[in-house]
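Single-structure report; data block below.
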C-alpha cells in the first residue's frame, strides 16, 4: 500500500515538474538569449487547443549553402545553423554543422532539403535558382489574445506586403523563443489593441 502511495506521489511530482521545467527554459531564453530580427510573411490561423496565433513564415528559412554542400546533407539530419546579421540588421542563417558551435548565435534544427526559387523568364519558361539548405524553423507561431488576433492578422498581412514586418527572436544555446512581432518598429500587441 505504501509503495502505491509513493509511486502515485512521484507521478504527481513528475506531472508538475515537466511543465515547470519547460516554462523555466523558455523564460531563461527570453531573459538571457541574444536578440535577432527575422523578416516575415505572417498569416493568422487558429489552433483549437492552443488558441489564436499569428503564423510567421520566415523569409530566409534556409542556410546559405552551395548546391553541392546542400546535397551532402541528408534530409531530416539534426544539426546547427549559425545566425549572422546582414547590413540592414536582419538575421539570416549562414552555415550548417552537425556539431554544436562554440561561439556566436546558432539554432538547433534539422535539414529539410534544398530551398529552390522559380523565376519566370518568359510566358512558358521558368528558371530554377538554388538558394541553400532549407531548415526547420521552430519559431513560426506567435500566440495572442483571442480578441486581438484577428486585428493583428490584418495589420501583419498589410505590413508583410510593404516588407515592414519582422519577428524579434531570442536565441540561447540553440533554443529560440519569440519575444515580439514588430511592424514598422511597433509591437503587434500594441497595434492590435488600438481601436
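Each peptide in 55-67, 95-107, 180-192 receives the mean, over its residues, of other Cβ atoms within 10 Å, and ordering these scores from highest gives 55-67, 180-192, 95-107.
Computed extension gain for residue 119 through residue 17, at 0.36 nm per residue and net of the alpha carbon distance, reaches 31.6 nm. With the simple spin-label model, which puts each label point 7 Å out from Cα in the Cβ direction, the residue 35 to residue 172 separation comes to 1.5 nm. For the chain, a Gaussian network of Cα nodes joined below 10 Å ranks 175, 25, 15 by mean-square fluctuation, and the top entry is 15. Treating r as the C-beta distance of residue 154 and residue 85 and R0 as 22 Å, the FRET efficiency rounds to 0.15. Taking label positions 7 Å along the Cα-Cβ direction at both residue 69 and residue 110, the computed distance is 2.3 nm, reported to one decimal. Angle between the Cα long axis of helix 2-32 and the longest principal axis of the chain, 0 to 90 degrees, nearest 10? With rounding to tens, the tilt is 40 degrees.
Principal semi-axes of the equivalent ellipsoid, √(5λ) from the alpha carbon gyration tensor of the chain, are 33, 25, 17 Å from largest down.
Remark on the stretch 70-173: Rg and Dmax equal 17.1, 49 Å (Cα only).
Taking 7 Å steps out from each Cα toward its Cβ at residue 3 and residue 26 produces label points 3.8 nm apart. Taking Cα atoms only, the orientation of helix 149-162 departs from the longest principal axis of the chain by about 30 degrees.
The GNM of the chain, with springs linking C-alpha atoms under 10 angstrom apart, assigns the highest mean-square fluctuation among 179, 119, 153 to 119.
Only the coordinates and a few stated rules stand behind these numbers; no lab work does. Quick caveat, the model's predicted, so the values are computed rather than measured. Quick reminder, even Gly has a Cβ in these numbers, built from the backbone with ideal geometry, and neighbours come from all protein chains shown.
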